[in-house]
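Here is the structure we will look at.
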């Protein structure tokens with residue numbers, strides 16, 4: 001039952017993120033906060049006023065965003081101050097979550113089988129069926145559930 005729930009949840013998330021798969025929005029070099037603030041003609045002082053903070057905080061937030069040190073709470077506050085919505089999502093790199101999990105299982109199985117095959121070869125006991133062994137190990141990894 002647990003596996004069925006996991007699969008169903010994966011399918012739901014795949015459907016939710018599908019519209020985002022074709023979106024590629026590189027962050028502006030000086031960050032979204034500054035780019036939008038400047039495009040909207042909002043000064044640092046005005047942004048600080050909207051944030052109900054001092055001017056240095058607005059500048060700090062812009063620098064923190066560029067340095068990947070900003071919190072979601074701060075991003076959300078800046079977005080609100082600029083009359084914007086913060087859009088936040090994880091989009092799996094594979095076509096689906098199941099494909100991502102299958103690729104991870106295959107990589108783990110390949111590593112395990114190749115290590116064993118190497119050890120066996122050192123003892124002159126290599127099987128020579130590496131690809132078949134990888135596929136069998138992949139099935140075992142997939143059926144044992146996702147690694148934690």
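Remarks
- Burial ordering of 62, 135, fewest other beta-carbon atoms within 10 Å first: 135, 62
- Relative packing of 48-55, 25-32, which averages over residues the other C-beta atoms within 10 Å, highest first: 48-55, 25-32
- Helix 2-17 axis, angle to the chain major axis (alpha carbon atoms, nearest 10°): 40 degrees
- Crossing angle, helix 97-122 versus the chain [Cα axis fit, 0-90 degrees, rounded to tens]: 40 degrees
- Fully extending the segment from residue 69 to residue 16 would add 16.3 nm, taking 0.36 nm per residue of separation and subtracting the current Cα-Cα distance.
- Compared with the alpha-carbon gap, the fully stretched path from residue 49 to residue 135 is longer by 24.9 nm at 0.36 nm per residue.
- Options (1) 10, 25, 18, 18, 16, 9, 4, 0; (2) 12, 42, 34, 11, 2; (3) 11, 44, 39, 6, 0 - which one matches P(r) over Cα pairs in 10 Å bins from 0, in percent as calculated here: (1)
- Length gained when the stretch residue 39-residue 86 is fully extended (0.36 nm per residue, less Cα-Cα span): 15.2 nm
- Cα long-axis angle, helix 130-143 against the chain (0 to 90 degrees, to the nearest 10): 60 degrees
Coordinate-derived values only; no laboratory data. This is a predicted model, so every value here is computed, not measured. Note that we place each Cβ from the backbone using ideal geometry, even for glycine, and neighbour counts take in every protein chain shown.
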